[in-house]
Structure formats: C-alpha cells, structure tokens
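Chemist: Got a structure for you, written out below as structure tokens; questions coming shortly.
Derivation of every value follows stated rules applied to the coordinates shown; laboratory data play no part. Since we're looking at a predicted model, the values are computed, not measured. Every residue, glycine among them, receives a Cβ derived from its backbone with ideal geometry; neighbour counts consider all protein chains shown.
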Amino acid sequence: MQLAFTIPHIHRIKALVMPWEERVTGADQTRLAKWADKLGFGMLYVPEHHIIPRKHLELSGPHHLSAYSTMAYWAGATENIRVNATIAQLALQHPIVTAKALSSMDWLSSGRVTITFGAGWLEGEFKALGVDFHQRGAMCEEYIQAIIELWTKENPEFEGTYVNFRDMAFEPKCFQTPHVPIWFGGDADAVLHRTARYASGWAPFLTKPEDFPAKIDYIKSQPDYSGQLKDVFYSFITSRVGEGHVAINDPKARAGQHKQAILDRLGWFNELGVTWSALPVPELNHVEEYFDYTQWIAEEIMPAVATTTPHAGPAGGD
C-alpha cells in the first residue's frame, strides 16, 4: 500500500477541516508539497469545486482549489511525487481543454500525473457554469472517450452528441504510455461501469469499506471490462463525510490515534483491496507542527505498509 500526503486547507468542508488549517497559506502548501516529496510520500491530491452556491456554504465552505492548476503547480514544485485530483469534475470543462491540460502537465513533469474524474453532484454549480446537470453522465461517457482518443491517436477523430473533431493535430501526448492513468471516483453503477471500461483506479466515496470487495468484483465482472483495474484509493477521512458533505461521526477515521490503531485500519483497508490511502489532518496549533506529524508518519507508518499487497479478502473489522 502507498500513502498519499494530505495538504491542509485544500478545502473548508465542515466535516473534515480542522480550525488551524484556515491559517495555512499557499506558500505553506508549497513548502509542504516539497516536504512530502522529500519524505517519500507517493502522491499529492486535490479535490475540486469551481463555485459554491450559498445554500451549501455551511457544509461545503467557499474555499476550493482548481484541480489542474493546483496539480501543475505542485508538480512544478517537486521532483518525484505524483499529483492527482480527487476528484476533477469531468463534465464541467470541454474535453479537448482537459486533455491538453493533463497531457501538458504529464509531459512537463516526466510522467507524474494521475487523474481521478467524477461526474459531480452539486447541481447549482452546473447551472452557474451553463452545463446540464442531468446530462452529466452521458457527457462523461463521451468526454472520456474523446480524451483517450486525443491522447492515443496520431490523427484523432471523434463524433458524438457533445463533442466533435476531425482533421486535427494534438500534442504533446502524455509522457506516460499509453496515457495518464485514469481513475474514477464515485459509487453509482454508471461510475463502476465507466471504471471497468476505461480506468486503472477507483476512488469510492459513499461505499462502506466492507463493501469494497463486492464492488471490485462487480467492476471486474463487466462484459466490457478492460482488465486495467489495479488501484483503489480510500482516505481515512472519506468515511467522515456523507452525501452533500454532511458530517458523519467516525472516531476511527480521525487523527490522533496511536501507531497500532493506524496500522490496524490500514491493514483492514488492505484486506479489502485498497492500494492507496491517506491519514487525516490532526488538531494542531500551527502548520510547523504538521511537518513534525508527517515526518512521524514517514518514519513510523510508511515503512510498515510499504510492503503490503492489497487483496479483496474477507471483510474484517477494526
């Protein structure tokens, strides 16, 4: 199992954020990204919302970063660590623009990009951006096909309901072959079908961990399964937030646990098929204390989980 590094203040979701995080600046985040790279963490990740309707402010907060610009900035500030979005909203940007942003980022970083796409859930955000919320599933299906076409074909062509192009050139291609690793985030059957067809990773959200093996089997059982699925990303904090960013009380998903409790939970995740996880941000007084905390993770937790091989075994408890 690999550990991703949680950057504080990448959002202000009430169920997840600690009060001290709001004092963390962009400069602090840059230092932390470089620190994570030095410590040997496997990935930095950033969620995405473009705009928040005021009726959702209490739970979601106003502060959300742009996924692609943040990923590119962190990639430029580091040397080895991967960058990802969890999630980037696929239907809210034209696929040609998305494909170019990600292939440029991957080419410039010598292949350190992974992307987790999602369909999105906040209807008011779609309305503000002029995108039909109820067409987002069909749009995602076309958009991912078009993106893969642009990334992999010398003379890309696509004809669909939402996107069309032919007689066009598209470079740079991705540094990685055949392209940037694609993950999908979400739990609906349509997301699992899309994961089966196109993705090498899945990031569950509302699915309970004990149900992961059944969902993984479902993905792999699809008649058009591509055979690519190898990664499942599930952070400790994911079980603390529900649909619409409603808070869920899960003490075992909070920071401040002793070493063995953390290792036990990660071991349980591993049994359920999780290949990537991340530990929650603790209650601290200042960002400098987070450097110490993450060094402790690197020294005490990372070596213990680095050699684990995930498998979808029997569902255990913690």
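Chemist: With both partners inside segment 51-188, how many of the DSSP beta bridges are antiparallel, as a percent to the nearest 5? Don't jump to the answer; show the numbers that get you there.
Modeler: Details: 2 of 9 bridges.
Just about 20 percent of them are antiparallel.
Chemist: Given the options Gln176, Ile52, His286, identify the residue whose Cα lies farthest towards the positive end of the charge dipole of the chain (+1 on Cβ of Lys, Arg; -1 on Cβ of Asp, Glu).
Modeler: Towards the positive end, the residue furthest out is His286.
Chemist: Right, here's the next one. Describe numerically, in nm with one decimal, the distance between label points set 7 Å from Cα along Cα→Cβ at Glu22 and at Glu123.
Modeler: 3.0
Chemist: What list do you get for Leu57, Leu150 if you sort them by fewest beta carbons within 10 Å?
Modeler: Fewest to most other Cβ atoms nearby, the residues stand as Leu57, Leu150.
Chemist: Size of the dipole of the chain about the Cα centre, Lys and Arg at +1 and Asp and Glu at -1 on the beta carbon, nothing else charged, in debye to 20? List each step's numbers first, then the result.
Modeler: Working: 27 positive and 37 negative charges, 45 e Å.
About 220 debye.
Chemist: Let me ask another. Which order do Lys34, Lys153 fall in if you start with the one that has the fewest other Cβ atoms within 10 Å?
Modeler: Neighbour counts put them in this order, fewest first: Lys153, Lys34.
Chemist: Once you have the Kirkwood Rh of the chain from its Cα pairs, apply Stokes-Einstein at 4 °C and 1.567 mPa s and quote D in µm²/s.
Modeler: Answer from the Stokes-Einstein relation: 65 µm²/s.
Chemist: Which FRET efficiency value, to the nearest 0.05, is calculated for Asp217 and Asn80 with the Förster distance at 30 angstrom and r the Cβ-Cβ distance?
Modeler: Numbers: r = 34 Å, r/R0 = 1.13.
With R0 = 30 Å, the Cβ-Cβ based efficiency is 0.35.
Chemist: Using the 10 angstrom Cβ neighbour count as an exposure proxy, how do Tyr290, Tyr225 rank, fewest first?
Modeler: With the fewest neighbours first, Tyr290, Tyr225 line up as Tyr225, Tyr290.
Chemist: Further question: Per 0.36 nm of contour for each residue apart, how much would the distance between Arg166 and Glu243 grow if the chain were fully extended, relative to their Cα-Cα spacing?
Modeler: Full-extension gain reported as 23.8 nm.
Chemist: Which FRET efficiency, nearest 0.05, do Gln228 and Ala188 yield, Cβ-Cβ r, R0 22 Å? Mind dumping the intermediate values first?
Modeler: Working: r = 20 Å, r/R0 = 0.89.
With R0 = 22 Å, the Cβ-Cβ based efficiency is 0.65.
Chemist: For the chain, what does -39500 (n - 2.57) per DSSP helix run (n ≥ 4), summed and divided by total residues, give at 222 nm, in deg cm²/dmol to the nearest 500? Walk me through the numbers on the way to the answer.
Modeler: On the way: 11 runs with 113 residues, N = 318.
Roughly -10500 deg cm²/dmol at 222 nm, from the helical runs in the chain.
Chemist: When averaged across all projection directions, what area in nm² does the alpha-carbon convex hull of segment 191-285 cover? Spell out each step's value before the answer.
Modeler: Details: hull surface 27.3 nm².
For segment 191-285, averaging the hull's shadow over all directions gives 6.8 nm².
Chemist: Can you give me the angle between helix 259-271 and the longest principal axis of the chain, using Cα atoms only, in degrees from 0 to 90, rounded to the nearest 10?
Modeler: So the inclination is approximately 30 degrees.
Chemist: Residue farthest toward the positive end of the dipole of the chain, with Cβ of Lys/Arg at +1 and Asp/Glu at -1: which of Asn155, Ala203, Gln29?
Modeler: Comparing the listed Cα positions along the dipole, Gln29 ranks first.
Chemist: Are there GluC sites (Glu not before Pro) in segment 2-93 that DSSP puts in a loop and that have at most 13 other Cβ atoms within 10 Å, and which ones?
Modeler: Glu79
Chemist: Please work out the FRET efficiency for the pair Thr152 and Ser66, using the Cβ-Cβ distance as r and a Förster radius of 25 Å; give the result to the nearest 0.05.
Modeler: Once rounded, the FRET efficiency stands at 0.45.
Chemist: Also, quick follow-up: Could you tell me how many degrees, from 0 to 90 and to the nearest 10, lie between the Cα long axis of helix 287-296 and the main elongation axis, the longest principal axis, of the Cα atoms of the chain?
Modeler: The answer is roughly 90 degrees.
Chemist: If you take every DSSP beta bridge fully contained in the chain, what fraction is antiparallel? Give it as a percent rounded to 5.
Modeler: 20
Chemist: For segment 63-172, count the residues as N, evaluate 2.2 N^0.38 Å, and divide the Cα radius of gyration by that value, please.
Modeler: Details: Rg = 14.5 Å, N = 110, 2.2 N^0.38 = 13.1 Å.
The reported ratio for this selection is 1.10.
Chemist: Under a 10 Å cutoff between Cα atoms, tell me which one of Tyr45, Tyr73, Tyr143 has the largest fluctuation in the Gaussian network model of the chain.
Modeler: Tyr73
Chemist: How large is the dipole of segment 1-101 about the Cα centre if only Lys and Arg carry +1 and Asp and Glu carry -1, each at its Cβ, rounded to the nearest 20 debye?
Modeler: Approximately 100 debye in magnitude.
Chemist: OK, next. Which Cα, out of Val274, Leu102, Ala128, lies furthest along the positive dipole direction of segment 2-305 (beta carbon charges, K/R +1, D/E -1)?
Modeler: So the residue we want is Ala128.
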